[in-house]
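In what follows, a single structure is set out as structure tokens and then discussed.
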Amino acid sequence: MQPITVSTTDATAGTTYSRPVRMDSWANAQSILQVDVTGTATYTVETSMDDPNSATNPIAVGSMTWINCADAAVVAKNAAAQGVIIATPTFVRIKQTAGNGSTTMTIAQFGNAPY
């Protein structure tokens with residue numbers, strides 16, 4: 001998977017979210033991510049195993065369950081950080097809970113579909 005970048009903006013009026021990033025379920029499990037902060041921002045990287053596009057068990061986008069990333073290095077932070085996801089979730093996003101700044105997350109998943 002090529003690195004993908006998503007961002008959040010000013011959360012002074014309430015929590016903001018990046019668009020969700022669909023991970024490659026056929027690639028190797030490990031992914032690395034980096035969150036950069038501009039200005040003041042408090043954020044958490046979240047993951048979900050729900051899939052609105054599932055052929056057998058679709059979940060409505062608004063009903064998806066989002067869980068804090070298993071790597072505490074990117075949970076409830078307000079400065080730039082890197083984290084590692086060792087098992088592949090279906091989706092990853094960043095949630096900005098406070099601050100008038102912004103966040104940018106770049107995520108890269110290792111490998112591609114095995115032979």
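Key figures for this structure:
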quantity: Test: residue in region 78-98 that is small (G, A, S), in contact with a helix residue (DSSP H, G or I) (Cβ under 7 Å, 6 or more places away or on another chain) and at negative phi; calculated: yes
quantity: Condition met for T88 (farther than 18 Å from I4 by Cα and β-branched (V, I, T)); calculated: no
quantity: Number of positions in region 66-80 that are among the polar types (S, T, N, Q) and over 11 Å from the mean Cα position of the chain (by Cα); calculated: 1
quantity: Those residues of region 30-73 which are touching a residue at least 60 places away in the same chain (Cβ under 8 Å), of a type outside the set (S, T, N, Q) and under 17 Å from I4 (Cα atoms), in sequence order; calculated: I32, L33, V35, D36, V37, V45
quantity: Elements of type strands (runs of 3 or more DSSP E) in region 9-115, at least 2 residues being surrounded by fewer than 19 Cβ atoms within 10 Å (Cβ to Cβ), modelled with pLDDT under 95 and of a type in the set (V, I, T); calculated: none
quantity: Members of region 5-54 that are among the aromatic types (F, W, Y) and within 10 Å of the chain's Cα centre (by Cα); calculated: Y17
quantity: Hits in region 81-115 - residues which are within 15 Å of the chain's Cα centre (by Cα) and either under 12 Å from M23 (Cβ atoms) or of a type in the set (D, E, K, R) (or both); calculated: I85, A87, T88, P89, T90, F91, V92, R93, K95, I107, A108, Q109
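The values are calculated or read from the model by the stated rules, or taken from the named source; none is laboratory data. Everything numeric here is computed off the predicted structure, so don't read it as measured data. All Cβ positions, glycine included, derive from the backbone under ideal geometry; neighbour counts span all protein chains shown.
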